[in-house]
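The values are calculated or read from the model by the stated rules, or taken from the named source; none is laboratory data. In this text, all values refer to a predicted model and were calculated from it rather than measured experimentally. As a convention, Cβ positions derive from the backbone with ideal geometry for all residues, glycine included, and neighbour counts pool all protein chains shown. Note: areas computed on protein heavy atoms with side chains; ligands, DNA, RNA excluded. Shrake-Rupley method; radii C 1.70, N 1.55, O 1.52, S 1.80 Å.
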Amino acid sequence: METSEDIRTTPRGFYCKLCSIHTPNRPSLEAHLKGKKHQHLCRLRSKRDAQVESSIYVSGIKPTTSRTELAEYFEQFGPVSEIIMDKDKGLYSIIEFSEVKSTQAVLTQLEHRLQGLKLRVKPREKKEFKLASKPPDAKKSHINLEKLNYDLCQTASVNEQMQKVVETLQLSESDQNSRELLAELLEEVFTEFLPDCQIIPFGSSVNTFGVQSCDLDLVLDLENTKAFQSQAKKSEKKGEHNSEDGDSEDSILPEIDLNTATPAELLDLVTAVLRKCVPGVYKVQPQKTTRLPLVRFIHRDLNLQGDITINNRLAVRNTRFLQLCSGLDSRVRPLVYTVRFWAKQKHLAGNPFGGGPLLNNYALTLLVLFYLQNVDPPILPTVEKLKSMACEEEECVIDGWDCTFPSQPISVPPSKNTDDLCTLLHGFFSFYSKFDFSGSVVSLREGRSLPIASFLSRDEEMPDTADSSSSKHKKAAGPKLGPVNILDPFNLHHNVAGNLSERTHRHLLRECSESEKYCRSLQYQRKSAKGKSWGLVRLFAPRVEGGAGSQGGTERSLKISVPFQASVLPESLNKKLSSSGDAFRLIWFEQLCSAVEALFKDILKCTPAEEPVSTQEQNKTGGGEEEVNNNDSLEGSSKQAASKPGKKRPLPAEESSSSSSSKGKRRRLDSSANLPEKACWFWAQRHKVWAGRRKVRRDLLKTSDEASKPEGGCRSIESRVTQCIVEKEEDPKDLVEFKVDAEVLGGGENTKAVLKFTPTNDLAGYFQDFFHFLESFLPKMVETLLSKPE
Ligand code: ATP
Ligand code: MG
């Protein structure tokens, strides 16, 4: 039976929470409540509730205890219908009885013992009946990786870390509301021109996997407008005219026949309406050459990028499918968020402008869902199975493709898999590191991978699930096969990863394999007692190209920024800065560079390194990021830098196109005319100065007169700590060589220095660890050095 809690009154009528359906008035609500769908979901819910009530949760069992042994013990309380085991860890089990009274009998007995162990027994937790609905609120500002890493390190387990990732990245409720409002506003505007049209959000804004700042994907659905137009034309022929029907002077309907209009004409129409009639919208750009033509725009106040495609019903439907999967099991969301973020960090996903050689988030999400169909026991059913669980009203065919699946998770029995998130994430990497992407096709419909050869021959014979009108079109166009083949769950002739390059394919396998290896380590599984980064933090470390294991590619560097803070500077320097006008930033930067140099040279005992030939070449040809400095009046040049390794190489601001202060500005500043906005060094680190550093410091402080100082808080202590580590190391060799590029950015209170690290030689793969250490050590140490310059 439905409960009154299922129904909510809204300004527009009623809302049934069980079925996620709006009804405009009481008679339609009553009709809905008597309808097949609502009744079906009510029955299913009662069944699930009964199952939960007749189950108990048992912990304290031996990992070796079998299902049969549990059944034998618990059958003394009544017939057992199901036993769900936590198979990997053997820590708990759920026993489902045929009758509720057996549960009561178990719970009233004070003590339970099995194989000499005392069992803990409690009622099975009644999980809140969840629909595939919006994610909960999280009022978070924009994503700050350093903060995320810090927060992740504070949690107790990888499972908690994954939940934290969701909490941090997900769309906040206010962000969701503003997206909904924008969609409503657009629908209102478009309806003036195209009566009865609909603007439907799809993609990550509504699929429950959205992150802050993700784009807003919208479909303009013109099906009803077409019907309206046909009707209007018929009436016109008959000589009837009804201006209230929307066929007014303002209407653009008479000018364009929606039944025969080309996609380009429709795009022009959408572009015109967006440009002329929607407030706050700018940068409206039609994209006519993409697979699905669309119009891009930006909403100024919401700072939101939006896309409108036309009549793209398949995308709306596959978004509903992702929503459903998300609601089927509480592990889906954390896993998808974690994998999406991992892929972003590894530069595997996220084509910045839609097309491109990387995976898009939709394809990546399908990979996670496919993996969850393939774990044992499966966490998600195949799309075929889902289809069989749908009721008549949920049948759906779009463009000839069968898109039937239940609308609510309650229609699908819960999974018996009890793996935790930490295990599942490891399993994901393991599954795909061995996956034969180029020799097979990922089919979520069947929940298995199909060898390409048999897929192709079968495709010829494949019975048409399409209606007759589109079957011809289907035969003509097969999926575009490539290095990675992920079949769309509904449009079976579409490879959602058809754009992927061979290079991205290799990169995907390599990253999965490296992550899989890492997941086997204790650093992944256990929180570091020494406060080091662990679990997801290391997994999310950005990919270092040019480092160990990397095979060339565009260089991406790792950055640490040091904000300008007047409060930590000595008074004399502050006075000088405040009397220098805008030039203060260059003077401060000069001081900061001296501090950075002292940090590497004196405190961390780095030695100067030769500039690698590759970067010298880049500088000569002007292909590097920095221009060659040919200005003799300035200290150092690229030539001098190459011959004076480890030395700061200032780069004049005039040659920096990215510089935030203009040339004009600087000309006025006599005191800073010769100060650079950029500098770079090449260093070699021969010792693991980061390893065991805290312990060395602790030991040192015990015997030191100096008061206890935080890490990076005292120049002499840190130098001595490094010295101790260096002396203990028996066989030093050049561990890592790296380049540091420094640049001053921003202005006023927002002035900051950004230090970019690029490994130039990291054969042993230590750079990542060194960089992690620097992330926390460098800002604090530089602050100390700036506050007390020698
Ligand atoms: P984000 O915007 O955060 O990158 P998203 O889930 O919105 O993630 P998009 O790439 O914007 O992903 O795609 C939006 C929607 O468009 C998807 O949810 C899917 O419905 C549809 N879509 C995207 N790419 C494809 C594709 N290759 N084939 C079929 N549908 C796709
Ligand atoms: Mg999107």
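Of the GluC sites (Glu not before Pro) found in the range 149-245, the ones in coil according to DSSP and having at most 16 other Cβ atoms within 10 Å of their Cβ are Glu240. The residues of the range 35-123 expose on average 54 square angstrom of accessible surface per residue, using a 1.4 Å probe on protein heavy atoms. Across Asp741, Asp582, the residue with the most accessible area heads the list, and the full order at a 1.4 Å probe is Asp582, Asp741.
To put it simply, the accessible area of the range 35-123 at a 1.4 Å probe is 53 percent carbon and sulfur. Each of Arg445, Arg720 has its accessible area taken with a 1.4 Å probe; listed largest first, they run Arg720, Arg445. D by Stokes-Einstein for the range 298-439, Kirkwood Rh over Cα pairs, 25 °C, 0.890 mPa s: 145 µm²/s.
The Cα atoms of the range 35-123 cover 54, 29, 18 Å along the three principal axes, with the biggest extent listed first. The solvent-accessible area of Lys288, taken with every protein chain present and a 1.4 Å probe, is close to 100 Å².
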